[in-house]
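A quick write-up on the structure given underneath.
Please treat every number below as a calculation from the coordinates, not as lab data. Because the structure is a prediction, the values reported are computed rather than measured. Virtual Cβ from ideal backbone geometry, glycine too; neighbours counted across all protein chains shown.
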Amino acid sequence: MTDNSRDFRNALGCFATGVTVVTTRKADGSPVGITANSFSSVSLDPPLVLWCIDKSSDTLADFDAAGQFAINVLSAEDMNVSNEMAKPGRHSMEDHVGGKGAKTGLPVVETALATFECDVESRHDAGDHIIMVGRVVGFTSTTEGDPLLYFRSKYATAAK
């Protein structure tokens, strides 16, 4: 499909998504994160969610080695976190984590609308990505704030 790759990406971009930053800890304990809009709920019982990571990501080894991850659903105020975590080589979460991750000790974005702390349930090879399925072991959410959305390759806002 390489001849139509750009057209395919453009078509996929017509589906508005929320924006997340997925976090974990490196082997040395330092917090690392990556922007992802490929987040979905899978099951309520047991509570499972998924996200996808590109096989060429410079954080793949960190997430592959980790037994846990946290999915942080970003608020409109978190655009700077999304931008920074989307850049290759810029995945340190040192400046963006807060103390909400008490359940697992995972790094979490303090201003996120929701955070799902997960144990890795399974990984699935899927083309140029790996599907990471997590069993939710803790979560938080707020009723305040607007979501950070992504539509047609740029940020968007929710119409009210």
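Taking every DSSP helix (H) stretch of at least 4 residues in the chain, weighting each as -39,500 (n - 2.57) and dividing the sum by the residue count yields a mean residue ellipticity at 222 nm of -3500 deg cm²/dmol. Look at Asp62, Asp95 and count the other Cβ atoms within 10 Å of each Cβ; fewest to most, that gives Asp95, Asp62. Charging the Cβ of each Asp and Glu at -1 and of each Lys and Arg at +1, and nothing else, the dipole of region 1-55 about its Cα centre rounds to 160 debye. Protection proxy ranking for 37-49, 79-91, using the average of other Cβ atoms within 10 Å per residue and placing the highest first: 79-91, 37-49.
Charges at C-beta only: +1 for Lys and Arg, -1 for Asp and Glu. How large is the resulting dipole of region 17-156 about its Cα centre, in Debye rounded to 20?
Working: 11 positive and 19 negative charges, 29 e Å.
For this selection, approximately 140 debye.
Dipole of region 14-160 computed with +1 at Lys/Arg Cβ and -1 at Asp/Glu Cβ about the Cα centre; of Phe116, Tyr155, Thr104, farthest Cα towards the positive end is Tyr155. For a straight C-alpha distance cut-off of 19 angstrom, the aspartates and glutamates reachable from Lys26 (same-chain residues fewer than eight places away being disregarded) are Asp54, Asp58, Asp62, Asp64, Glu84, Glu94, Asp95, Glu117, Asp119, Glu121.
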